[in-house]
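All remarks here apply to the structure that follows.
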Amino acid sequence: MALFSAVTVEQVKEILKKHLEGYKPEIEEANLLQAYNRVLAEDIVSPEDIPAFNRSTVDGFAVRARDTFGASESMPALLTLVGEIRMGEQTEIKLSTGEAAKIPTGGMLPECSDAVVMLEYTQLMDDTILCAEKPVAPKENVVEKGEDIKKGSVVLKKGHTLRPQDLGALAAVGIDRIKLVKPPAVSVISTGDEIKPPASSVKPGEVRDINTYAICGEVMKWGGLPLPQGIVRDNFEDLYDAVKAALEKSHMVLLSGGSSVGARDHTVKVIESLGKPGVLAHGLPVKPGKPTVVAVVDGKPIIGLPGHPVSAMVIFEILVRPIISTMLGRPEDFGGTRVYARMSRNIASAAGRQDFIRVKLEQRGEELWAVPVLGKSGLISNMVESHGLARIPSEKQGVAEGELVEVEIY
């Protein structure tokens, strides 16, 4: 494909999805404490009811609800106290008409009881006579057996990304080892003779390597395994060797730098020499991030990210993140938290090009406003200061002050 023969981001995503249809993720087993933010490789079916018994949600007295009907402070229901339920023990108490048993929060309801009167609505006349000063309905202050999770029900589905509450649910049903999708390995390469490691002192004309660390952080954030390959000098032989080695050890390769048109641009030539189908697109109608290279070599995506950190991170969010999600078997738009906000100023845009504007979000009265963080795409501080990206669709030529825009939060 000729350089800068730009296609839409949506078209590129569809092309990449077709090339990834044969991708088979590896599966591994892990315990719950290793599973946070990982993707399930199987449906999880509950082997038991949760709770396993009817239990109280409050401190109080287990009763038959009908024995309390009509109770009030002036005319309390008089009940016979026949015992106390202890936490962690199966009770042998069976209530008859007009009887009650003291019960703690979480305690097992005795047989024949169907409700709990809260402690604050009761008084003890003596050791055996209880006054209930408020009626309760059947099932009030009670969680029934299987009400939380039923035996045989699907607790979590394959492709689900595990959150803290999911780990708790798995523990509740007695599952401590699960099958997970192994994170795709993503090689990250920074290119350029002027790029130096963070700890290096830099001379005029040199810059420290921002992209390796920012992009590796993005890979980890979205569930991949980053494999930083270091800084590669800007010549064909070195870049060829680095990309070839990266393809052998990873499922995807991300290059940053070397994607703009210039005499020392070797990225496209290197990719084309490594395998088929090679470069699929060079240049996308987006801002920032136009000089992006999209390629596939032997079923493995290679994305040439722009050298400027802001552009590289924007392209990662809109293009690389969906690829990682596809490899993990989860929804393509996983993790994208979108809100609508009013743009705080007029922003112009070219027709036929998607613009992604870094914005801060501010609450003004009852409305959310998006305040553009303007600056050149080489300024990493723009990303640090902003909360998300406001998208201006390709069919629009900008947005007006006060117009609602969709903002994807980082």
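Restricting attention to the range 174-199, the residues being more than 21 Å from Ile27 (Cα to Cα) and in contact with a Pro (Cβ under 6 Å, 6 or more places away or on another chain) number 1. Can you name every residue in the range 297-323 that is over 26 Å from the mean Cα position of the chain (by Cα) and at pLDDT 95 or above? Within the range 297-323, just Val297 meets the criteria.
Among the residues of the range 197-215, at least one is more than 30 Å from Arg330 (Cα to Cα) and in contact with a Phe, Trp or Tyr (Cβ under 9 Å, 6 or more places away or on another chain). Note on the range 373-390: among residues that are open to solvent by 80 Å² or more (accessible area, probe 1.4 Å), closer than 28 Å to Ile195 by Cβ and touching a strand residue (DSSP E or B) at 6+ places or on another chain (Cβ under 9 Å), the one that is modelled with the highest pLDDT is Glu385. In this entry, Glu73 is excluded by the filter for residues that are open to solvent by 60 Å² or more (accessible area, probe 1.4 Å) and either under 22 Å from the mean Cα position of the chain (by Cα) or over 30 Å from Val136 (Cβ atoms) (or both). Taking the range 332-345 as the search range and keeping residues that are at pLDDT 80 or above and not hydrophobic (A, V, I, L, M, F, W, C), which one is farthest from Arg38 (Cα to Cα)? Among residues in the range 332-345 that are at pLDDT 80 or above and not hydrophobic (A, V, I, L, M, F, W, C), the one farthest from Arg38 (Cα to Cα) is Arg345.
Scanning the range 164-185 for residues being part of a strand (DSSP E or B) and open to solvent by 60 Å² or more (accessible area, probe 1.4 Å) gives a total of 2.
Within the range 337-372, restricting attention to residues that are over 14 Å from Ile409 (Cα atoms) and of a type in the set (A, V, I, L, M, F, W, C), the residue that is surrounded by the most Cβ atoms within 10 Å (Cβ to Cβ) is Met343.
Of Val117, Val188, Val82, all but one fail to be part of a strand (DSSP E or B) and touching a Cys at 6+ places or on another chain (Cβ under 6 Å); the exception is Val188. Of all residues in the range 8-28, exactly one satisfies the criterion of being in contact (Cβ under 8 Å) with a residue 24 or more places away in the chain, closer than 23 Å to Lys276 by Cβ, part of a loop (DSSP other than H, G, I, E, B) and out of contact with any helix residue (DSSP H, G or I) (no Cβ under 7 Å at 6 or more places or on another chain), namely Gly22. Would a scan of the range 391-400 turn up a residue that is touching a residue at least 60 places away in the same chain (Cβ under 8 Å), out of contact with any helix residue (DSSP H, G or I) (no Cβ under 6 Å at 6 or more places or on another chain) and open to solvent by 30 Å² or more (accessible area, probe 1.4 Å)? Yes, there is a match, as at least one residue in the range 391-400 is touching a residue at least 60 places away in the same chain (Cβ under 8 Å), out of contact with any helix residue (DSSP H, G or I) (no Cβ under 6 Å at 6 or more places or on another chain) and open to solvent by 30 Å² or more (accessible area, probe 1.4 Å).
Among the residues of the range 219-256, those that are buried (at least 21 other Cβ atoms within 10 Å of the Cβ), in a helix (DSSP H, G or I) and modelled with pLDDT of 95 or more comprise Val219, Ala242, Val243, Ala246. Close Cβ contacts (under 7 Å, 6 or more residues apart or on different chains) running from residues in the range 285-296 that are surrounded by fewer than 23 Cβ atoms within 10 Å (Cβ to Cβ) to residues that are of a type in the set (Asp, Glu) comprise Lys287/Asp355.
Does Pro204 satisfy the condition of being modelled with pLDDT of 90 or more and in a strand (DSSP E or B)? Steps first, answer last, please.
Working: modelled with pLDDT of 90 or more: yes; in a strand (DSSP E or B): no.
The answer is no for Pro204.
Filtering the range 29-60 to residues that are open to solvent by less than 60 Å² (accessible area, probe 1.4 Å), more than 18 Å from Val154 (Cα to Cα) and not in a loop (DSSP other than H, G, I, E, B) leaves Ala30, Asn31, Ser56, Gly60.
Tell me, yes or no, whether the range 275-283 has at least one residue that is assigned to a helix (DSSP H, G or I), out of contact with any Asp or Glu (no Cβ under 7 Å at 6 or more places or on another chain) and open to solvent by less than 20 Å² (accessible area, probe 1.4 Å). Looking through the range 275-283, none of the residues is assigned to a helix (DSSP H, G or I), out of contact with any Asp or Glu (no Cβ under 7 Å at 6 or more places or on another chain) and open to solvent by less than 20 Å² (accessible area, probe 1.4 Å).
Taking the criterion of being surrounded by 13 or more Cβ atoms within 10 Å (Cβ to Cβ) and on the phi > 0 side of the Ramachandran plot, the only residue of the range 84-100 that qualifies is Gly98. Would you check which residues across the range 190-208 are under 19 Å from Thr267 (Cβ atoms) and open to solvent by 60 Å² or more (accessible area, probe 1.4 Å) and list them? Glu194, Val207 - these are the residues of the range 190-208 that are under 19 Å from Thr267 (Cβ atoms) and open to solvent by 60 Å² or more (accessible area, probe 1.4 Å).
The values are calculated or read from the model by the stated rules, or taken from the named source; none is laboratory data. Small disclaimer: the values here were computed from a predicted structure and weren't measured. Methodologically, a virtual Cβ is constructed for each residue, glycine included, from the backbone with ideal geometry; neighbour enumeration extends over all protein chains shown. Ligands, DNA and RNA are excluded from the accessible area calculation, which covers all protein heavy atoms including side chains. Shrake-Rupley method; radii C 1.70, N 1.55, O 1.52, S 1.80 Å.
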